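Asker: Structure provided below as structure tokens; questions to follow.
The values are calculated or read from the model by the stated rules, or taken from the named source; none is laboratory data. The shown structure was predicted, so the numbers you read here are calculated from the model rather than taken from an experiment. Counting neighbours? That spans all protein chains shown, and the Cβs are built from the backbone with ideal geometry, glycine included. When the accessible area is computed, the model is the full protein with side chains, heavy atoms only, and any ligands, DNA or RNA have been set aside. Shrake-Rupley method; radii C 1.70, N 1.55, O 1.52, S 1.80 Å.
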Amino acid sequence: MNGADDGDLARLFRSALGGDEKAYGDFLNDAAALVRVWARRRAYPDLDPEDIVQETLLAVHLKRHTWRNDGPVKPWLYAIARHKLVDALRRHGRHTRVELGEVEEELASAEAETARDWEIGRALEVLTPGQRSVVRAISVEGRTIAEAARSLGMNETAVRVALHRGLAAIAKRFGRE
């Protein structure tokens, strides 16, 4: 759906928010494809675009309540991806310039976009202990894959697998509720 109409994506997300598991899976696949293309265009040598994709999908789940269901999805999705890219650059010690116009709307609603602790806990409760520790380290605490691997005594591949499976489990759980 990379070139698809925003309306199609919004309809999928509305259905997903209404409890349609298939629509949620389709939405996540389409959203991941959009963010993947976007992140690859902004790739830096020491940043994996797939990390940005995974971080964005988790944030979409945690911040789903911030989307206005009468509005477009792509700008909301890209705003989240932009925040995740900036977070990743900060973790890697890079600085980036962001035009005020790009974030003006998000700054105005920053408080509304903050995930509540109970929402994060609810999302993490479906995970195995290993997945929970990986998702918490990377998505909540903001560690890199390498930092999480070191602190958890795992190799980076195992961390990536646990992160991917954990995010998939969260997505599956959300689709059922």
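Asker: Which ones in region 147-177 are modelled with pLDDT of 90 or more and either in contact with an Asp or Glu (Cβ under 6 Å, 6 or more places away or on another chain) or not in a helix (DSSP H, G or I) (or both)?
Answerer: Within region 147-177, A149, G153, M154, N155 meet the criteria.
Asker: While we're looking at this one, here's another question. Please go through (1) in a helix (DSSP H, G or I); (2) out of contact with any Phe, Trp or Tyr (no Cβ under 7 Å at 6 or more places or on another chain) for Y44 and return the number of the only condition it doesn't satisfy.
Answerer: (1)
Asker: Which residue pairs have Cβ atoms under 7 Å apart, sit 6 or more places apart or on different chains, and have a first residue in region 129-157 that is on the phi > 0 side of the Ramachandran plot and in contact (Cβ under 8 Å) with a residue 24 or more places away in the chain and a second that is open to solvent by 70 Å² or more (accessible area, probe 1.4 Å) and aromatic (F, W, Y)?
Answerer: That search, which allows pairs on different chains as well, returns nothing.
Residue-wise test of (1) assigned to a helix (DSSP H, G or I); (2) closer than 23 Å to V135 by Cα; (3) out of contact with any helix residue (DSSP H, G or I) (no Cβ under 7 Å at 6 or more places or on another chain).
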position: A23; (1), (2), (3): yes, no, no
position: A32; (1), (2), (3): yes, yes, no
position: A39; (1), (2), (3): yes, yes, no
position: D51; (1), (2), (3): yes, yes, no
position: E55; (1), (2), (3): yes, yes, no
position: L77; (1), (2), (3): yes, yes, no
position: V86; (1), (2), (3): yes, yes, yes
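Asker: Here is a further query. Output the residue which, of all residues in region 125-156 that are of a type in the set (S, T, Y) and over 16 Å from the mean Cα position of the chain (by Cα), is least open to solvent (accessible area, probe 1.4 Å).
Answerer: S133
Asker: Now, a different point. Which pairs do you get when a residue that is more than 14 Å from A171 (Cα to Cα) and small (G, A, S), found in region 7-23, comes within reach of a residue that is modelled with pLDDT under 85 and crowded, with 18+ Cβ neighbours inside 10 Å, reach meaning Cβ atoms under 9 angstrom, with the pair 6+ apart or on two chains?
Answerer: Final answer for the pair search is A10/W67.
Asker: If you don't mind, another one. Kindly indicate which of R40, R94 is of a type outside the set (D, E), modelled with pLDDT of 85 or more and over 13 Å from the mean Cα position of the chain (by Cα).
Answerer: None of the others qualify; the one that does is R40.
Asker: Which one of these does L77 not meet: (1) modelled with pLDDT under 85; (2) crowded, with 19+ Cβ neighbours inside 10 Å?
Answerer: (1)
Asker: May I ask you to list the residues in region 35-56 that are without any contact (Cβ under 8 Å) to a residue 12 or more places away in the chain and aliphatic (A, V, I, L, M)?
Answerer: A43
Asker: For region 8-52, what are the residues that are of a type in the set (V, I, T) and either closer than 21 Å to G71 by Cβ or open to solvent by 30 Å² or more (accessible area, probe 1.4 Å) (or both)?
Answerer: The answer is V35, V37.
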